[in-house]
Amino acid sequence: MKRKGSFGLIAAAALLAVSVHQPAQAQSKPVGCNLAWCPIHVEVIKNSSGTEVLRTSFDEVRMAPKYSGGTIVWKLVGSPDYEFRADSVMSSGANSPWAATTLPLRLVSANEYAYDDLNNNALPYGYQVRVYKKGSPAGSPPIVSNGTIVNAN
């Protein structure tokens, strides 16, 4: 009996270790986020052709209808040669002219960028995540990924 319990604990620990070290992967379905803090992991990886691309844990975030007050944080993980800069998360798409007052964005650190959800409508807001090579001069091209945030579950 003890042996089975030990193997179960070892198997559970192994699964936990794998999930903790699993790199961020874009999800094909949206994630619902109705909490005060919603993290999105961002990682620079190489695709099959060897080109560096961004991979995010989720590319669509859905907040509860008319939910306001939550914070979404993009966290750069597993990419020590890259950083966020002042323009690393930018509004995009048709509703971007209204996004600055609804979704104020701010650089927290070289590894974190946040947005405060003041949105109280059901409009989708597009965004673009930009990651820069550390030490690259201003005006250098970033690696880019796109996503959407909407207040409608």
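Bear in mind these aren't lab numbers, they're just calculated from the coordinates by the rules spelled out. Since the model is a prediction, treat every value here as computed from it, not as a measurement. In this analysis, Cβ positions are derived from the backbone assuming ideal geometry, glycine residues included, and neighbour counts consider all displayed protein chains.
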query = In nm, to one decimal, how far is the modelled label at Ala138 from the one at Asn34, with both set 7 Å along Cα→Cβ?
reply = 4.4 nm
Partners for Lys133 among aspartates and glutamates (Cα-Cα distance below 13 Å; same-chain residues under 8 apart left out) = Glu43, Glu52, Asp81, Glu83
ask   = Label Arg85 and Arg106 with points 7 Å out from Cα along Cα→Cβ: what is the distance between them in nm?
value = 2.2 nm
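Under the rule a/c < 1.5 gives rounded, and otherwise a/b versus b/c splits prolate from oblate, where does the stretch 45-97 land using the Cα gyration tensor?
Prolate shape, in that a/c is at least 1.5 and a/b is the bigger ratio.
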request  = Please give, to one decimal in nm, the separation of the simple spin-label points placed at Thr51 and Val77, each 7 Å out from Cα toward the Cβ.
outcome  = 2.6 nm
